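A short reminder: the numbers here are calculations on the coordinates, not readings from a lab. Here the structure is a predicted model, which is why all the values come from computation and not from measurement. FYI the Cβ positions are ideal-geometry reconstructions off the backbone, even for glycines, and counts take in every protein chain you see.
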Amino acid sequence: MNRERYSDKLGKIKEAGNYRHLREMQFNGFLVHHDGREMLNLSSNDYLGLASNPALYEAFKRETDVEALAYSSSSSRLLSGNHAYYTLLERDLADMYTKEAALVFASGYHANIGILPALAGKRDLIIADKLVHASIIDGARLSDAEFARYHHLDYDHLRETLFKSREQYENVFIVSESIFSMDGDVADLQELCDIKREYDALLYIDEAHAAGTRGTNGLGCCEEQGCIRDIDFIVGTFGKAFASHGAYVACDDLFKEYLVNTQRSLIFTTALPPIIVAWTRFILRGMPARLPERERLAVIADRLRAALTGRGYVTGGSHIVPCLCGSNEASVTLSRQFRDNGFFVLPIRYPTVPKNGARLRFSLNAAIPDEDYDCLFDFIETSC
């Protein structure tokens, strides 16, 4: 075995400023403890602050017989792991999205690497936004379909590509995120629905960062933009705003049945523990009442963008607010400056983002008090 090639590759990663390591961290609500410092956690996906809300845990225990729930399913769903809470959760999801069916997975990664390969075959095309998440790219590459990309949020380019090639394929899957994880920008789902109808395609929307944070009932951008009915596959995750674990797709009965029989990342993995699925259902059923948290999140994001642009930084986004720095080195330096002053915000570097597109990514939390955000804004306006 040649071990040197791995050592050499790690050396090159370090030289390029892209070296990563696992941090051991302690958490206290929206605070994080690392390297002997307590910092405001601005790198979590706990957008509504539900993961750090002890009152929710108490309410869950009052409403649920937690002593009767196992902490492991010990089996795949198609063997003995498909417990009753799965049925209840999937029924609730289908009802809330007014879809025929819903299917729950072990994670968002399991969903995205499994759904597209199961559905898209050799006579099909998957065409995705250039900046979709790595899990979608991996899923498209695992499929037998041809895989193409259109320029980010460039729907003229999508139309141009489909105009030239649609007749070559049996099925076309248009794939996009609703809120993009690196830039925090938002897709025009109505436009995508129009293109889907124009070219007789299927539309797959990943709402990972929008589920819980957008829409009157927290169903995501598909609810906010009024196009739930026209999207064939609405994919969401429970590991972010829902403060739980797992993922789902809302779709037609036919597609659910097909996925249960063909999707490898569903068939060949252990089911989620009953207590996790019960907790997820508890959070889901309370999500419509979280509108004040969603509205507060939008206000905080607007204030942060104003503070950053006031200091000359390029930014944008939603409740995910990027602060573009340029080089990997610049992003690391700025991140260290924030952490030295009590704000845990991490650099996002190439190859996760394009070269010279390194940035800090602020992931906001509605539970953080105004006075703590005021400290953040004061620091940006006076020291960055």
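The slack in the chain from residue 302 to residue 28, taken as 0.36 nm per residue of separation less the alpha-carbon distance, amounts to 96.0 nm. Within the chain, DSSP assigns beta bridges of which about 55% are antiparallel (rounded to the nearest 5).
Relative to the 2.2 N^0.38 Å rule of thumb, the stretch 2-160 has a C-alpha radius of gyration ratio of 1.44. Highest mean packing comes first when the peptides 2-8, 131-137 are listed by Cβ atoms within 10 Å, giving 131-137, 2-8.
Fully extending the segment from residue 14 to residue 37, taken as 0.36 nm per residue of separation minus the present Cα-Cα distance, adds 5.8 nm. Which net charge results for the neighbourhood of residue 10, defined as the other residues with beta-carbon distances under 15 angstrom from its beta-carbon, given Lys and Arg at +1 and Asp and Glu at -1? Around residue 10, the charge tally is +3. Placing pseudo-labels 7 Å out from each Cα toward the beta carbon at residue 356 and residue 74 gives an inter-label distance of 5.8 nm. Ignoring lysines fewer than eight residues from residue 14 along the same chain, the ones with Cα atoms less than 22 angstrom from its Cα are 355. Sorting 63-72, 183-192 by average packing, meaning the other beta carbons within 10 Å per residue, from highest down gives 183-192, 63-72.
Computed from the C-beta positions of residue 264 and residue 194, the FRET efficiency with R₀ = 25 Å rounds to 0.15.
Between residue 295 and residue 170, what FRET efficiency follows from the Cβ-Cβ distance if R0 is 41 Å, with the result rounded to 0.05? With a Förster radius of 41 Å, E is 0.40. Under 14 Å from the Cβ of residue 342, count the other residues' Cβ atoms, weight Lys and Arg +1, Asp and Glu -1, and hand me the total. Summing Lys/Arg as +1 and Asp/Glu as -1 gives -4.
Among 30, 105, 362, which one moves the most in a GNM of the chain with springs linking Cα atoms closer than 10 Å? Judging by the Gaussian network model, the answer is 30. Protection proxy ranking, highest mean first, for peptides 363-371, 218-226, 254-262: 218-226, 363-371, 254-262, where packing is the per-residue count of other beta-carbon atoms within 10 Å, averaged. For the chain, a Gaussian network of Cα nodes joined below 10 Å ranks 211, 148, 358 by mean-square fluctuation, and the top entry is 148. Can you check what the net charge comes to around residue 166, using other residues whose Cβ is under 15 Å from the Cβ of residue 166 (Lys, Arg +1; Asp, Glu -1)? Surrounding charge for residue 166 is -3. Report the Cα centroid-to-centroid distance between the stretch 60-103 and the stretch 226-286 in angstrom, as an integer. So the two Cα centres are separated by 10 Å. Applying both filters, DSSP loop and at most 15 other Cβ atoms within 10 Å, to the trypsin sites (Lys or Arg not before Pro) of the stretch 124-194 gives 130. When DSSP beta bridges are restricted to pairs lying wholly in the stretch 16-171, around 60% turn out antiparallel.
Excluding residues on the same chain fewer than 8 positions from residue 164, give the lysines whose Cα lies under 21 Å from its Cα. Reachable lysines: 122, 130, 196.
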